[in-house]
Amino acid sequence: MSEPGLIVVIGGGHAGVQLCAGLVVAGHGARVHLVCEEPELPYQRPPLSKTFLKNPGEGLQLHRAEAWFGEAGITVHRADPAVAIDRAKRTIELKSGARLPYQHLVLATGTRARRLPHLPEGLCNVVVLRSAADAERLRDRLGSVSRLTVVGGGFIGLEVAATARALGKAVEVLEAAPRLLLRSVSPELAEHVLQVHRASGIEVRLGVAVGGFEAEGDRLRALAVDGVRHEIDTLLLGIGAVPEHGLATQAGLDCDNGIVVDAFMRSSDPAILAIGDCCSFPEPTSGRRLRLESVQNANDQAKTAVATLSGQLAAHQALPWFWSEQGSLRLQMAGLMPAKGVRHLRLGASPASFSLLHYVGDRLVSVESVNAPVDHMAARKLLESQRSPAAHLACDPATPLKSWL
Ligand code: FAD
């Protein structure tokens, strides 16, 4: 009988490392190659917009120590991104020129930060936040500047705004939409978040148009905001992320707002799976396609992929949930919010700690909590217990549930 071939994982983020951990438990560790674009050992991304920015001495929180990969038999290729997939030969090519054969390939390539199309790259006072290198750059700048402008009132923009404010910086948030967190939370929660940030001294401007720019050398001097010249000290672009599916597209895999996979994380080529932020999957309660950007989703899809690679198909059913920390706000969200037909119930008398329960008819479909972890866990358990393929949610399939930038 022939030996089972290699499992090659492209992308050492949350999904890729969780997949490795599951494959080790399933006894496949020695077959695994993990291909990483970044030079660091795989690390946790959530702290990058929170504690990492606050504390100059804080290092990266690694998913696993280097020794763990060695003991598990996993070969890690660092700072050597995959540049091409040859599906006919079942090999991938790395930037270094190395070629790896695979029996199964898993794409866990995540997202990249969206940029303003008219703004040139390489300006020294303009940052995005996706990687450890981005976070170090932003932390260095926060150490020396007094003002931060954030374009985008999504999760990452607001987390960084709150962190910078806690560091004593003057902070402004420019958001094109009429409210914060438009694609991610209910209007009720967004309004609460707005009030808390304004009360902390962050200037939030909604419904503004960010247009032209003025640069001098490699420095951005000003932006046109609603047609008026607006001076910039440091600018964070927090305007969302796009799925990193260049390799998949080149290789001819189906892609549509992410790499298209089935409920078992298989792409249009059954030898290739995709998991995490980079993939678009059939949401089990609605059957519609969804792409999620959250740690929980990356971890749960990795588990589904381990089952698929182990020959024990188990459809992806996990309840989506995520969290965000913004200054004094600890936000937790679970379930999917339908586009319409929702009834809300507020739980908790304190203005600083409450949960919003969202119902369709008498069925709880989603819960959003502010500094209320105990209530949140109870509601989340309820949501998990009633998870079934009964499809009456009307999520917009083109919109990611949440976007972190
Ligand atoms: P990623 O973790 O992004 O990993 C993808 C990896 O693939 C990257 O390391 C990338 O370099 C690599 N890669 C891409 N192309 C190639 C290639 N060709 N070859 C090799 N490697 C490649 N989520 C939450 O739930 N809660 C939070 O509080 C939260 N905070 C966040 C804060 C920040 C600053 C950021 C950036 C994200 C945050 N998120 C949060 C989102 C969460 O981190 C992502 O949803 C999660 O990391 C997705 O995991 P992933 O493995 O799909 O992608």
- Relative packing of peptides 12-22, 96-106 - highest average C-beta neighbours within 10 Å first: 12-22, 96-106
- Message: If you average the C-alpha positions of the range 278-334 and of the range 41-75 separately, how far apart do those two centres end up, in angstrom?
- Response: 21 Å
- Message: So if I place +1 on the C-beta of Lys and Arg and -1 on the C-beta of Asp and Glu, and nothing else carries charge, what would the dipole magnitude of the range 144-233 be about its Cα centre? I want it in debye, nearest 20.
- Response: 120 debye
- Determine, for the chain, the count of lysine pairs separated by eight or more sequence positions (or lying on different chains) whose alpha-carbon distance falls under 23 Å. 7
- Message: Students often get this wrong: which residues of the range 315-354 have the backbone nitrogen under 15 Å from the point 7 angstrom along Cα-to-C-beta of Ser200?
- Response: 324-332, 352-353
- Of the DSSP beta bridges with both residues in the chain, give the percent that are antiparallel, rounding to the nearest 5. 60 percent
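Computed FRET efficiency, Cβ-Cβ of Asp254 and Leu382, R0 35 Å: what is it to the nearest 0.05? Mind showing how you got there, number by number?
Numbers: r = 36 Å, r/R0 = 1.02.
Approximately 0.50, to the nearest 0.05.
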- Amide H to amide H, which residues 5 or more places from Leu273 or on other chains are under 5 Å from it, using H placed in the peptide plane? Leu105, Val106, Leu107, Ser267
- Taking amide hydrogens as modeled 1.01 Å from N in the peptide plane, which residues meet the under 5 Å criterion relative to Gln326, leaving out close sequence neighbours? Leu331
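Within the range 116-237, what percent of beta bridges assigned by DSSP are antiparallel, to the nearest 5? Walk me through the numbers before you get to the answer.
Values: 9 of 24 bridges.
Rounded to the nearest five, the antiparallel share is 40 percent.
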- Gain on full stretching of the segment that runs from Asp134 to Arg363 - 0.36 nm per residue minus C-alpha separation: 78.2 nm
- In the range 1-156, what % of DSSP beta bridges are antiparallel (nearest 5)? 40 percent
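What whole-number value in Å² describes the accessible area per residue of the range 155-311 for a 1.4 Å probe?
For the range 155-311, the solvent-accessible area averages 35 Å² per residue.
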- Note on the structure: For the range 106-195 the GluC sites (Glu not before Pro) that pass both the DSSP coil test and the at-most-11 other-Cβ-within-10 Å test are Glu121
- Item | Sum of -39500 (n - 2.57) over DSSP H runs of 4+, divided by residues of the chain (222 nm, nearest 500) | -7000 deg cm²/dmol
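The values are calculated or read from the model by the stated rules, or taken from the named source; none is laboratory data. Nothing here was measured: the structure is a model prediction, and the numbers come from that model. Neighbour counts are summed over all protein chains in view; Cβ atoms, including those assigned to glycine, are modelled from backbone coordinates with ideal geometry. For the accessible areas, the whole protein counts, side chains as well, though only heavy atoms, and no ligand, DNA or RNA atoms are used. Shrake-Rupley method; radii C 1.70, N 1.55, O 1.52, S 1.80 Å.
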